[in-house]
Amino acid sequence: MTEISGTGSSLPSFSGQTLGHPYTVQYGDSLLAIAQRFGVSLAALEAANPQIANSDLIYPGQLLTIPDNAVAPSSAPGQGEPAAQLGISEDGVKMIEGFEGFSATAYPDPGTGGAPWTIGYGHTGAVVPGQTISQAQAEAYLKQDLASAENAVRRNVRVPLTQHQFDALVSLTYNVGPNGYSSLLATLNSGDYAAAQGMFGNYVYAAGHVLPGLVNRRAKEAALFGS
């Protein structure tokens, strides 16, 4: 118990951190996840840390101030959060954009040479040959599609996840669909994180053929999951 000067009261400490005092950012943390862990609003956490110019850019080892009205976290720092409490990070979005690349014109599936046709940043819904799109439209489609992928991960994963693990699973879901990696999901939900990480490499086929682009993507997703 550490006395707070001027109040005559004390606040509990946990995980080496005291409420109202600095918190050290851990690997996989995001401001949203930290706010949810300590039971404060994101706005309150941002207000307590005016030194952060971009709420999407925090890094391990950085010191934050947790507001005094925080509560004990639901899980220890670095040990993950319930999937239902997480959302994809800005880094995760950029990673997916990099994997997909932007295409203003619809292109065929590399495995089938035809349907499903893709446009923008990997959008396939109701896309037809010859269709074109602006980058603003592509970003709007990506936001909608990622929301669906995020919801699938929140719904299907029953074990705690770090931010990196959540981002990797959203990327996988966006690429293969919510029902496209049932074996990995079952392994993960059994609590075997290491085995689940090793199974990313199973999902590299399109129309029965191994695609080098998918091999590269799965390797990066697996590395992120295990980081």
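In percent, rounded to a whole number, the relative contact order of the stretch 83-225 is 23, using alpha-carbon pairs under 8 Å and six or more apart. Spin-label model, LEU211 to ASN189: label points 7 Å out along the Cα-to-beta-carbon direction sit 2.7 nm apart. A dipole drawn for the chain from +1 and -1 charges on Cβ atoms has a positive end, and of LEU63, PHE102, ALA35 the residue lying farthest that way is PHE102.
The amide H of ASP68, built 1.01 Å from its N in the peptide plane, has no neighbour under 5 Å, considering only residues 5 or more places off or on other chains.
Taking the chain as the reference, fit the longest principal axis to its C-alpha atoms, fit the long axis of helix 135-156 to the helix C-alpha atoms, and give the angle between the two in degrees, 0 to 90, nearest 10. Between helix and principal axis, roughly 70 degrees. The phi-based Karplus calculation (6.51 cos²θ - 1.76 cosθ + 1.60; θ = phi - 60°) puts the 3J(HN,Hα) values of the stretch 89-103 at 7, 4, 5, x, 4, 4, 4, 5, 4, x, 5, 7, x, 9, 10 Hz, whole numbers, x for Gly and Pro. In the chain, the calculated helix contribution to ellipticity at 222 nm averages -12000 deg cm²/dmol per residue, counting -39,500 (n - 2.57) for every DSSP H run with n ≥ 4. Distance between the 7 Å Cα→Cβ label points at GLU46 and GLU139: 1.7 nm. Against the chain, whose longest principal axis is taken from its Cα atoms, helix 212-225 shows a tilt of about 10°. When P(r) over Cα pairs in 10 Å bins from 0, in percent is computed from the coordinates, the matching label among (1) 8, 37, 40, 15, 1; (2) 8, 32, 33, 20, 6, 0; (3) 8, 29, 30, 20, 9, 3, 1, 0 is (3). Placing +1 on the Cβ of every Lys and Arg and -1 on the Cβ of every Asp and Glu, with nothing else charged, gives the chain a dipole about its Cα centre of roughly 440 debye.
Every read-out reported here was derived from the displayed coordinates using simple, explicitly stated rules and does not represent laboratory data. Not measured: the values here are computed from a predicted model. Cβ atoms come from the backbone with ideal geometry, glycine included; neighbour counts cover every protein chain shown.
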